[in-house]
Amino acid sequence: MAPDSLTLRKLKERFPGSVLAVHSYRGDDTAVVKGEDLVSVARFLKEDPELQYNFLMDLTAVDYLGQEPFDSPQRVVLGSAQEGIRFEVVYHFYSLPLNQRVRIKVPVPESDPTVDSVTGLWAGANWFEREVWDMFGIRFKGHPDLRRILLYDGFEGHPLQKDYPLRKRQPRIGPQV
Amino acid sequence: MMDTQAEVGRTHDETMTLRMGPAHPAMHGIIQIDLRLEGEVVVRADVEIGYLHRAFEKHCENVSYNKCFPWTDRLNYVSPLINNFGYAMAVEKLLGIEVTERCKYIRTIMSEISRITDHMTNIGTSAMELGAMSVFLYLMKAREYLWELIEAVTGARVTICYGRVGGVKADFPDGLKEQTRGALRECRSVLREIHSLLTKNRIFMDRMVNVGVISQEDAISYGITGPFLRSTGVPYDVRKAQPYMVYDRLDWDVPLGSNGENYDRYLVRMEEMEQSMRIIEQALEQMPPGPYQVDIEGKPLEPPEMVDLGKLGKTRELLGVKLDLSPNLRGMDRPHHQLVNVPDKKVVLPPKELTYGNIEGLMQHFKLVMDEHGIRPPRGEAYQAVEGGNGELGFYVVSDGTDIPYRVRCRPPCFPIMAALPRMLEGGMVADIVPTFGSVNMIGGELDR
């Protein structure tokens, strides 16, 4: 197996207990980290002078309903996440000085789908987190304005959850004529 | 922050609430900006999006990999080819396959043609909103030359559905090189006219210079990419930073602005069109040649003759001979097919001669289009970024090993820019909303997906 990249090596050194798994499948460096350490990991990635991941390129989630997350056959497991994991929130960071990308994933349990918000570090996280709330029903602690963004108030359910029925009808909203 | 009650009280005498959109003529597509005005000054702006949400990502989770292509056309409908190729490259990365040389050049050329149409539409519409109707008409005329190229290659103008996992739908038609050169010549002459009409135009500059300013730090913090980021002076272009297709083999520059204002964004886009034309010209030169046009003696072969030659065992030459299929299959016959598609039988549909000509071809075709049989990337995930018209267009694809993608995420480049829009509007005048919003180049299809 190829040696880990600088980013993954530094992450494992700095956060030995909270990096749960790493892989570099198809060249994409990936680390799975514990939810409670997400903000400190993100701050470290952003502020460490050797890394400087200054762009939050993308923030999304995947619903692994009833399955173990299957991100890569090369996954190296370093620790075990808590029980009842359903979602993974996926962050794609890009470092302009390093010209590298890294993917950080946070397991989210079904019983309490909450992740700490990174809006304090990147202004762009605001809308991305609103979209994840809208589509997956994952709440972001510390978000200044967690409203639906693509759908409307009064929409029932979160459509990108795997158990959202494809043909579900929504109640009619607005003035009834 | 005042509480709502107090604000409502103030509204009466000092501030006014104005809802701009969702059906305002200057709203490209449908969005709404809730404005709080103090006289003509924007005190607060709140952007409401989602009017064009069509559940792109949910749809993709329910069909096989190749069936997602028509929907990617409808993300950024001004440069649909780039979306096609971005999605195709993400799935190819997941499969671990590399497309053929000729296919890479085709994708590069078509992406750049799309980028020019994208920038032309943007500059044309935003100039029209400032009163320059002739600029709009000239640019639409120039865009027509490029859309004729796109039509010649893909068979359609807007919803082209030309990308395929492992290749493209069809090879270039004959004579495309000359047609492209002619189209670029026309575009250059139109762009010269646009330069002379706009670049030093007093009215245009008054509306654009120092309007809609965003700092480098803010742009990076919002995750803004593309011409918008480059107008602030950050040299980030996916094509240069992490080259894909054949961008690293060509000689071109990344134009940069300095102030991050509307005028800089206009200049960056104008220069990028010129750079895209340079890329197209070089790529057309370097591109590996297409299949044989005729048989070994220089004349087109009739199918019965082919059979005769085949009986004599002269099959090697025949593989390179161009066949005339029906016009809607042009460019998809076997010699072309081999040049633009990967040879992987588990990924790419066979050429039509084989599908209709023998049982193996028919079975291969059948296995790929049947539900629960098609392309099956191994379990895993991949993120592939390409430079779209508005910036980094990323596709994040997760496979669970079946023929249906488990998750397809599109990172739309104008989403972060729209998130930053209030920052640029607040403190400015109402009239400045129009040029600033115009320079965002919001595309409803990719913003709301």
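The values are calculated or read from the model by the stated rules, or taken from the named source; none is laboratory data. Just so we're clear, the structure is a prediction, and the values are computed from it rather than from any experiment. Positions of Cβ are generated from backbone atoms using ideal geometry, with glycine treated the same way; all protein chains shown enter the neighbour counts.
Computed quantities for the displayed model
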quantity: Every residue from segment A:8-38 that is within 11 Å of A:ILE104 (Cα to Cα) and part of a helix (DSSP H, G or I); calculated: A:LEU8, A:LEU11, A:GLY35, A:LEU38
quantity: Residues located in segment A:24-52, provided they are under 19 Å from B:GLN216 (Cα atoms) and within 11 Å of chain B (Cβ to nearest Cβ); calculated: A:LYS46, A:GLN52
quantity: Residue, nearest to the other protein chains (Cβ to nearest Cβ), within segment B:211-231, restricted to residues that are of a type outside the set (Val, Ile, Thr) and surrounded by fewer than 24 Cβ atoms within 10 Å (Cβ to Cβ); calculated: B:SER221
quantity: Sole exception among (1) polar (S, T, N, Q); (2) closer than 24 Å to A:PRO109 by Cβ; (3) buried (at least 20 other Cβ atoms within 10 Å of the Cβ); (4) more than 13 Å from chain B (Cβ to nearest Cβ) for A:THR60, by number; calculated: (4)
quantity: Test: residue in segment A:87-108 that is more than 9 Å from every other protein chain (Cβ to nearest Cβ), touching a residue at least 24 places away in the same chain (Cβ under 8 Å), among the hydrophobic types (A, V, I, L, M, F, W, C) and more than 29 Å from B:ALA219 (Cα to Cα); calculated: yes
quantity: Count - residues of segment B:209-265 that are of a type in the set (S, T, N, Q), within 24 Å of B:ARG278 (Cα to Cα) and within 23 Å of the chain's Cα centre (by Cα); calculated: 4
quantity: Residue within segment A:22-33 that is among the charged types (D, E, K, R) and over 17 Å from the mean Cα position of the chain (by Cα) present; calculated: yes
quantity: Any hit, segment B:166-180, residues being under 30 Å from B:VAL408 (Cα atoms), of a type in the set (Lys, Arg) and within 14 Å of chain A (Cβ to nearest Cβ); calculated: no
quantity: A:PHE70 being facing another protein chain (nearest Cβ under 9 Å) and more than 28 Å from B:GLY226 (Cα to Cα); calculated: yes
quantity: Which numbered condition B:GLY21 misses (of (1) surrounded by fewer than 21 Cβ atoms within 10 Å (Cβ to Cβ); (2) away from every other protein chain (no Cβ under 14 Å); (3) closer than 22 Å to B:GLY226 by Cα); calculated: (3)
quantity: Pairs, first within 13 Å of B:GLU57 (Cβ to Cβ) and more than 9 Å from chain A (Cβ to nearest Cβ) in segment B:397-412, second hydroxyl-bearing (Ser, Thr, Tyr) and crowded, with 23+ Cβ neighbours inside 10 Å, C-beta under 7 Å, six or more apart; calculated: B:PRO405/B:TYR65; B:PRO405/B:SER399
quantity: Helices (runs of 4 or more DSSP H) contained in segment B:336-432 and holding at least 3 residues surrounded by fewer than 17 Cβ atoms within 10 Å (Cβ to Cβ) and among the hydrophobic types (A, V, I, L, M, F, W, C); calculated: B:359-369
quantity: Single unsatisfied condition, B:ALA183 versus (1) surrounded by 15 or more Cβ atoms within 10 Å (Cβ to Cβ); (2) aliphatic (A, V, I, L, M); (3) modelled with pLDDT under 90; calculated: (3)
quantity: Filter result for the condition that a residue is charged (D, E, K, R), in contact (Cβ under 8 Å) with a residue 40 or more places away in the chain and out of contact with any Cys (no Cβ under 7 Å at 6 or more places or on another chain), over B:ASP34, B:ASP46; calculated: B:ASP46
quantity: Qualifying residue in segment A:24-39 (condition: in contact with a helix residue (DSSP H, G or I) (Cβ under 9 Å, 6 or more places away or on another chain), under 23 Å from B:LEU95 (Cα atoms), among the aliphatic types (A, V, I, L, M) and in contact (Cβ under 8 Å) with a residue 40 or more places away in the chain); calculated: yes
quantity: Selected residue (criterion: nearest to B:ASP264 (Cα to Cα)) from residues of segment B:109-125 that are under 11 Å from the mean Cα position of the chain (by Cα) and among the hydroxyl-bearing types (Ser, Thr, Tyr); calculated: B:THR117
quantity: A:ASP145 vs. criteria facing chain B (nearest Cβ under 10 Å) and of a type in the set (Asp, Glu); calculated: yes
quantity: Helices (runs of 4 or more DSSP H) contained in segment B:192-261 and holding at least 2 residues among the basic types (Lys, Arg) and more than 18 Å from A:MET57 (Cβ to Cβ); calculated: B:202-208
quantity: All positions within segment A:136-177 that are basic (Lys, Arg) and surrounded by 10 or more Cβ atoms within 10 Å (Cβ to Cβ); calculated: A:ARG139, A:LYS141, A:ARG147, A:ARG148, A:LYS162
quantity: Filtered residues of segment A:109-126 (kept if within 14 Å of another protein chain (Cβ to nearest Cβ) and not small (Gly, Ala, Ser)); calculated: A:VAL118, A:THR119, A:LEU121, A:TRP122, A:ASN126
quantity: Positions within segment B:77-125 being crowded, with 22+ Cβ neighbours inside 10 Å and touching a Pro at 6+ places or on another chain (Cβ under 6 Å), in sequence order; calculated: B:LEU94, B:LEU95, B:ARG102
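Yes/no per residue for (1) of a type in the set (S, T, N, Q); (2) modelled with pLDDT under 90; (3) under 24 Å from B:HIS337 (Cβ atoms):
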residue	(1), (2), (3)
B:ASP118	no, no, no
B:THR125	yes, yes, no
B:MET128	no, yes, no
B:MET133	no, yes, no
B:LEU137	no, no, no
B:GLY155	no, yes, yes
B:THR159	yes, yes, yes
B:GLY163	no, yes, yes
B:GLY167	no, yes, yes
